[in-house]
Each structure stands twice: as structure tokens, then as C-alpha cells.
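The values are calculated or read from the model by the stated rules, or taken from the named source; none is laboratory data. These figures come from a predicted structure and were not determined experimentally. Reconstructed Cβ throughout: ideal geometry from the backbone, glycine too, with neighbour counts over all protein chains shown. Side chains included, ligands, DNA and RNA excluded: accessible areas come from the protein's heavy atoms. Shrake-Rupley method; radii C 1.70, N 1.55, O 1.52, S 1.80 Å.
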Amino acid sequence: MHTLSSNDSSGRNGYPRPQLVRDRWLNLDGEWQFGIGASADAIDRTILVPFAPETPASGLGLKGYLGECWYRRTFSAPAAPKGHRTHLHFEAADYNTRVWVNGQFVGAHEGGYTRFSFDITDYLVADAEQTIVVACEDDPHDLAKPRGKQDWLPDAHSIWYPRTTGIWQSVWVETVPADHLKTIRWNPSVSDFSIALDARLGRTAATGYKLHVELSIKGRTLADDTFLISGNEVARTITLPDGGIDSVRDELLWSPSRPTVIDATLTLIDPGGAPIDHVRSYLAMRSVGTLRDRFMLNGRPIELRMLLDQGYWTDSGLTPPGDDAMIRDIELVKSMGFNGVRKHQKIESERFLYFADTMGLFVWEEMPSPYRFSGESVRRITTQWTAAIERDVSHPCIIAWVPVNESWGTPDLPIREDQRALVDSLYHLTKSLDASRPVISNDGWEISQTDLVNIHDYDHDPQRLGARYDDTKRSIAEILRTERPGQRVLLLDESVYTGQPILLTEFGGIALSSDTNATWGYSRATSGADLARRYCKLLAAVRGVRIFGGFCYTQFTDTYQEANGLVTMDRRPKFDPALIAIATRGPRTPLELARLSAILEGLNEEPTQSPESLQPVRTKPRIARGTTSSPR
């Protein structure tokens with residue numbers, strides 16, 4: 001059984017790398033020394049890591065342009081057997097990071113959203129406290145770096161939010177054997193009920209090393225195999241017993257309604273037969289793809305009911321306040337009838353993906369965009385997107401990759417061949433790294449290479465929106481050729497629709513706020529009752545469009561000045577989540593049908609709530625069905 005234990009005394013988070021777990025680690029989250037300036041001499045205060053200095057949760061809540069931030073803290077290195085190595089891990093720091101240990105430079109990293117690590121063994125001092133110094137330089141005016149929703153103006157405006165400078169995810173230390181498992185990749189195949197394993201070592205081992213792999217579910221062993229390692233890697237396929245019919249297969253297959261995960265233990269064995277490294281992992285048996293005009297899960301069509309999720313919190317910005325906050329978010333999303341989230345312009349923490357895996361929530365992973373096209377932006381996005389895929393490729397919750405959103409970073413796609421080449425190359429790059437999932441090369445419009453045709457349309461009139469995509473009066477090809485939501489063509493001139501699934505992946509954005517001057521949305525409701533009516537009518541129209549194989553509503557939470565969430569930024573629903581669920585998934589009982597019909601026909605007034613009177617929803621963390629693993 002794998003459990004993600006925590007040695008963080010605050011209880012904020014558990015083990016940061018959930019698919020390759022060891023017991024010997026030290027969480028360095030907590031109080032660090034901090035300063036802003038050209039050198040470590042600027043350190044003059046404290047900060048609570050991993051929260052960015054712009055956030056209240058960090059203890060600072062700084063405003064304006066920070067430029068270069070400096071961090072320092074001491075720690076006691078974990079005791080380790082002779083010959084072991086000590087690795088220092090950063091889950092994310094924005095943007096250019098340099099690290100020193102005990103006054104010696106150990107390495108640098110570029111990028112704001114992915115993990116990086118250093119072997120600091122040779123820099124440690126025996127029988128003494130160790131000192132880490134970190135410098136993070138983040139030019140707020142550099143529009144050619146992947147930055148997502150981070151504003152370049154002094155204050156957040158429109159759809160952009162406060163900046164995130166420096167360390168914003170966990171920092172931790174781990175000790176490993178000199179020969180150790182560095183990466184594990186799982187790739188299941190439902191068609192032949194097999195699991196491909198690709199494991200790599202941290203250094204090239206001597207000949208004769210072996211890897212022992214055991215897979216189990218609910219304590220029942222599914223596979224127990226030992227493989228010979230060639231060089232520093234092993235690639236093998238493990239075939240599981242296939243029950244054949246759906247009722248038997250379903251016991252092993254992963255889905256949002258039954259998020260079954262398979263526990264894995266892997267042991268590295270030296271030529272003498274002694275175990276030298278032991279890790280815990282997990283995987284799931286599931287497949288995703290497309291067939292004609294529908295999205296497929298485990299060989300069967302499924303409607304995607306997604307919710308746009310910016311992944312910000314009131315006091316902590318991009319950083320989740322803790323495990324409980326991520327669990328509550330997933331429970332709340334599912335309670336409103338959605339089966340997935342599109343994490344928008346953010347690479348979410350692996351802890352979130354772990355909870356989505358074990359609680360049953362689809363995730364679309366999307367690369368944070370640069371805003372300006374240049375040779376530098378091309379290099380950055382390809383390098384950092386590759387790192388994101390390599391980190392997250394084994395998570396069953398991820399069902400699609402989105403390298404570009406709404407032509408951000410490629411603003412002249414219809415007329416610039418080099419920009420079209422980048423978007424097409426990102427599609428093919430993503431496919432080369434992972435051919436098992438659909439890739440949406442440019443979500444929203446100006447589409448060329450893609451596995452899903454995704455449309456963004458914020459028309460607030462349900463009848464007009466439904467009529468625009470009605471294929472009973474004109475062909476799908478004509479609809480895609482002639483419509484211009486956002487004043488953008490849907491397909492580029494050289495693109496031909498070949499029958500891919502079509503989804504409405506941004507729509508709605510209905511704001512509810514008593515402050516009409518300082519808040520923003522695509523349209524505005526006057527009360528909770530008005531928002532309920534608008535949402536139900538809009539969802540009925542979207543669900544009635546035959547060509548849509550799914551949708552993604554904008555958005556989950558209010559985010560700073562954007563007041564167009566179904567819940568407030570501190571997660572208070574704006575109207576009854578049960579009614580949201582009925583409208584989102586469609587009525588399932590006569591009572592649900594009657595309630596929805598009354599709203600659609602204007603015969604019933606839902607209780608009116610002002611944003612100030614809304615109460616937060618508290619949900620109880622649970623263990624997902626089909627797994628022995630606790631999300632704690």
C-alpha cells in the first residue's frame with residue numbers, strides 16, 4: 001500500500017512527488033530569511049515558503065515589481081547511509097533561479113512552473129548546519145517567457161492577475177543511494193490489458209542490476225516480476241489478466257465514477273542480490289482518445305463536462321493553501337456535476353494531480369503562455385513544455401495536453417508562417433512525447449493540427465449561441481469555416497475539418513458582484529436567482545447542440561477582479577450546487593427535470609443571495625473507491 005506521508009510539522013502538504021515515493025526526506029517549507037535587491041546582502045526580513053512574496057500567506061503581501069528576490073535558511077541534512085547522495089528539490093520557482101549551498105554555487109534553472117533538482121552531496125559540511133541561499137530573478141516586463149496569467153502592468157487588470165515571484169511550491173531534501181531509481185513512467189493499454197513500464201536510474205549501474213516490480217490492488221497481487229536492467233534503464237510490458245466483458249473489466253478500469261488505482265512497489269537489486277533502493281508508486285488502467293466525433297474513455301464515448309480552473313486562492317495566489325484545500329476543490333467541482341477541470345495557464349502541483357487521480361477528476365494540462373513571439377520564446381516554451389509533460393505523463397487524470405491557448409504568444413497565426421510552424425511543431429512534439437492522449441494545439445480558434453476542435457464563444461444569448469452551431473441547417477464544415485467567435489477564424493486556411501470531436505471549451509463567464517466598477521465578466525447577473533436562471537438556460541442550449549462532444553464552462557472561482565465564477569474566490573457557491581449539477585449534467589430524475597424546467601420556464605425563483613451573504617462549502621476528504629491509498 002502506498003501512502004504519501006508528511007514530515008511537515010505544519011501539516012500543510014504531504015510528499016511532493018507522489019508517483020515516486022521514498023521515506024527518507026525532509027520538507028524545507030516554513031520560515032526563510034528574505035530580501036529584494038542585487039545580492040544576498042539585501043536579506044532583511046522573513047517569509048513563509050512556499051508562498052510567493054506577493055501573497056498575504058507569505059507574511060509579506062508585497063506590491064509592485066520585485067525584480068530579484070533572495071532567500072536563505074539553514075537546515076540539518078538528513079542522516080544517510082554511507083554512499084548515499086543528498087538531493088535538493090524545488091517544485092517550482094519563478095523565473096531564473098540560482099542556488100548556493102554553504103557558499104558554493106550548485107546550479108541554476110530557467111522556468112517558473114516545473115520541478116528542478118540538484119545533487120548537493122559534495123557541498124555539505126560534516127557535523128554542521130547547512131545553509132541554502134536562493135536567488136530568483138523575474139523580469140515582470142519580459143513578455144517572451146511563459147508566464148500564464150501574470151500581469152505585466154503594476155496592478156491586476158481585465159483577465160490578468162498579480163505576479164508570482166520566486167519560490168511558490170515546496171522545497172525539500174531527499175537522500176538516495178548512488179544507484180537509484182530516477183524516473184518511472186507508466187503507459188497502460190486497455191486494448192490488450194497491458195502496462196508499459198519505463199524506469200531509469202540516476203546513474204549508469206554496473207551489469208547485473210535488476211528491478212523487482214509488484215503491482216497490487218486492494219491487497220491482491222496482479223503482477224510480481226523481476227527484470228534485468230540494461231545500462232541505466234529498463235523498458236518492459238506487463239500483461240494483466242483481462243476479464244473480457246465490461247462488467248469484469250470495470251473492476252480494474254479507472255474513470256471519474258470509479259477512480260481505481262493500482263499500487264506499485266519497485267525495488268532496485270544489485271548484482272549480489274541485495275536491495276539498494278525501494279520506492280512506492282501507483283498507476284491506473286485507462287485509455288483516452290477519440291473515435292469519429294466523440295471523446296473516448298476506455299473505448300466508450302463519454303461527455304466531457306469541464307470547468308475552467310485558474311488555480312488561484314485568496315490569500316496564497318497560485319500556491320494551494322494545503323492538501324485540504326485541493327481536496328475541497330475537487331469535491332466541490334464534482335458536486336456541481338462536472339467531471340473535469342481545465343487547469344488554465346498553469347502547471348498545477350503534482351499533489352493536486354494525485355488527488356485528481358485518486359478521487360476521480362479529469363484534468364486538461366495547459367502550458368502557461370508567453371505573450372510575444374520570438375526565437376527566445378520558442379526555445380523557452382518547447383523546453384519547459386517538454387519538462388511538464390515528462391513530469392506528469394503517468395497521471396491517469398490527465399486526458400489531454402494543451403500547448404497553446406487562443407494564439408497567445410503567436411498573435412499573427414493567420415499571416416505568419418513561422419508562428420503556424422511553432423504551433424504545429426508543438427502538436428507534433430507533444431505527440432512524440434506522449435502519443436496516448438489527444439493534443440489540442442491551439443485552444444479556442446485559428447486551429448490547424450489538432451485532435452479536438454475547441455471553440456471559445458462568450459455569447460450570453462442562449463438561443464443565439466445554440467443556433468450558431470446548429471448543424472440541421474448547414475454543414476459542420478460550413479459552420480467552422482464561417483463563424484468568427486472573438487472575431488477570429490476557427491480554422492486556418494490550410495486546415496480541413498476531418499471529423500474530430502468538437503467542444504465548446506470556453507463560454508459563460510457570467511459575473512455576479514455588487515461592485516460593478518471594480519469587477520469584470522463577459523456578462524453580468526443581478527442576483528443569485530438571476531445567475532441561476534442564466535446558467536441553466538445557457539447550459540440547456542449548449543447541451544442541446546448535437547455537434548458538441550463536451551464543454552468547459554468559464555469558470556470555477558472568482559479570481560481577483562474577475563467575478564465570473566460559479567463560486568467566490570474563497571469557494572462559496574453563488575447558488576445551490578445541486579441545481580448547478582442538474583443543469584451541468586442534465587436532469588436524471590422526474591424531480592430534477594421538474595426543478596430545471598421551472599427555472600427554464602421562469603416559473604420558479606431560486607432563493608436570491610448577495611455575494612456578501614454566501615457561505616463557504618466544507619467538504620469532508622474521502623478515500624476514493626478502488627484504492628487502498630489515503631490522500632493524506
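Odds and ends about this structure:
- Condition met for residue 61 (on the phi > 0 side of the Ramachandran plot, part of a loop (DSSP other than H, G, I, E, B) and open to solvent by less than 60 Å² (accessible area, probe 1.4 Å)): yes
- Residue in segment 334-342 that is open to solvent by less than 10 Å² (accessible area, probe 1.4 Å) and either more than 23 Å from residue 584 (Cβ to Cβ) or without any contact (Cβ under 8 Å) to a residue 12 or more places away in the chain (or both) present: no
A quick yes/no check of all residues on (1) open to solvent by less than 60 Å² (accessible area, probe 1.4 Å); (2) free of Cβ contacts under 8 Å to residues at least 40 places away in the same chain; (3) under 19 Å from residue 20 (Cβ atoms):
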{"position": "210", "(1), (2), (3)": "no, no, yes"}
{"position": "215", "(1), (2), (3)": "yes, no, yes"}
{"position": "223", "(1), (2), (3)": "yes, yes, yes"}
{"position": "228", "(1), (2), (3)": "no, yes, no"}
{"position": "232", "(1), (2), (3)": "yes, yes, yes"}
{"position": "255", "(1), (2), (3)": "yes, no, no"}
{"position": "274", "(1), (2), (3)": "yes, yes, no"}
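- Options 571, 595, 588, 546: the member that is open to solvent by 10 Å² or more (accessible area, probe 1.4 Å), out of contact with any strand residue (DSSP E or B) (no Cβ under 8 Å at 6 or more places or on another chain) and more than 29 Å from residue 300 (Cα to Cα): 595
- Residue check for residue 445: among the aromatic types (Phe, Trp, Tyr), under 24 Å from residue 493 (Cα atoms) and open to solvent by less than 40 Å² (accessible area, probe 1.4 Å): yes
- Subset of segment 66-119 that is among the small types (Gly, Ala, Ser) and under 16 Å from residue 34 (Cα atoms) - its residue that is modelled with the highest pLDDT: 93
- Residue that is surrounded by the fewest Cβ atoms within 10 Å (Cβ to Cβ), among those in segment 468-507 that are among the basic types (Lys, Arg) and more than 14 Å from residue 548 (Cα to Cα): 473
- Segment 389-406 residues that are under 12 Å from residue 368 (Cα atoms), paired with ones that are small (Gly, Ala, Ser) and open to solvent by 10 Å² or more (accessible area, probe 1.4 Å) (beta carbon under 9 Å, 6 or more apart): 406/486
- Checked against the criterion of being acidic (Asp, Glu), in a loop (DSSP other than H, G, I, E, B) and either modelled with pLDDT under 95 or more than 22 Å from residue 349 (Cα to Cα) (or both), the candidates 23, 41, 122 yield just one match: 23.
- Residues of segment 186-212 satisfying the condition of being part of a strand (DSSP E or B) and within 28 Å of the chain's Cα centre (by Cα): 186, 187, 188, 189, 194, 195, 196, 197, 198, 199, 200, 201
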